[in-house]
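Worksheet: one structure, shown below.
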Amino acid sequence: MVKIVVQIKATLENIEELRPSGPDFQWYFKFSCSNCGEVSEKWNYVSLTVSVPAQRGTAVNHFVSKCKLCARENSMSIIEDSIKSYLNDDQEKFKTIVTLDCRGIEPCDFSAREGWVAKAIDNGTEFTEVDLSENQWADYCDKIKQPVGIYQIEHKFQRVK
């Protein structure tokens, strides 16, 4: 088992908090097989609400796949209490937003996509269903009478103990 954190960095304009919408949030990844190095061609989504019982033991997997090249079955789980918000104070630096427990696969790419919640500064509007597919998002907050936006989203993966 390898624990891998997903970290993001972004520029926030008048946004206090950016977070996944909840347990049904879909995390999109491409994975590489730790056994043979094969990389998935398609995006795969992982969600806390979708689970598959493990073949052995009592573990629950949020994603299971069979490698097309070496036929090895691999799995991954989201560590539920590891999901964090990206805050205004975190701007311009990488922050861990989720930890993955990987068995036989590792994420090699991440796509933010839709389903984010962005809360404007100064008790402004909470925007639901924010779509970050284009690695940016912009709107206008009537409460604070200012434009709001999320720009220059980057990600990286890091192994942790």
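Miscellaneous remarks
- Applying the criteria of a DSSP loop state and at most 10 other Cβ atoms within 10 Å to the GluC sites (Glu not before Pro) of segment 1-65 yields 41.
- Accessible area per residue in Å² at 1.4 Å probe, computed on the chain: 55 Å²
- Length released on extending from residue 66 to residue 151, taking residue separation times 0.36 nm less the Cα-Cα span: 27.1 nm
- Comparing 91, 55, 136 in a Gaussian network model of the chain where C-alpha atoms under 10 Å apart are linked, the largest mean-square fluctuation is found at 55.
- Contact order for the chain, expressed relative to its length and based on alpha carbon pairs under 8 Å spaced 6+ residues apart, stands at 36 percent.
- ³J(HN,Hα) computed for each position of segment 85-94 - Karplus, 6.51 cos²θ - 1.76 cosθ + 1.60, integer Hz, glycine/proline x: 8, 9, 9, 3, 5, 8, 3, 6, 9, 6
- Once the chain from residue 79 to residue 134 is taken as fully extended at 0.36 nm per residue, the excess over their C-alpha distance is 17.1 nm.
- Summed residue charge, Cβ within 15 Å of residue 16's Cβ, Lys/Arg positive, Asp/Glu negative: -2
- Taking 4.7 Å between beta carbons as the limit, the unpaired Cys residues of the chain are 102, 108, 141.
- Other residues whose C-beta falls under 12 angstrom from the C-beta of residue 93 contribute a net charge of -1, scoring Lys and Arg +1 and Asp and Glu -1.
- Cross-link pairs exceeding 29 Å in C-alpha to C-alpha distance, out of 119/161; 9/143; 66/95; 30/143; 3/66; 66/119, comprise 119/161; 66/95; 30/143; 66/119.
- Within the accessible area of the chain, the carbon and sulfur atoms contribute 44%, probe 1.4 Å, all protein chains present.
- Coil-residue GluC sites (Glu not before Pro) of segment 97-138, DSSP, other Cβ within 10 Å capped at 12: 134
The values are calculated or read from the model by the stated rules, or taken from the named source; none is laboratory data. Note that this is a predicted model, so its numbers are computed, not measured. Neighbour counts are summed over all protein chains in view; Cβ atoms, including those assigned to glycine, are modelled from backbone coordinates with ideal geometry. Keep in mind that these areas ignore ligands, DNA and RNA; they rest on the heavy atoms of the full protein, side chains included. Shrake-Rupley method; radii C 1.70, N 1.55, O 1.52, S 1.80 Å.
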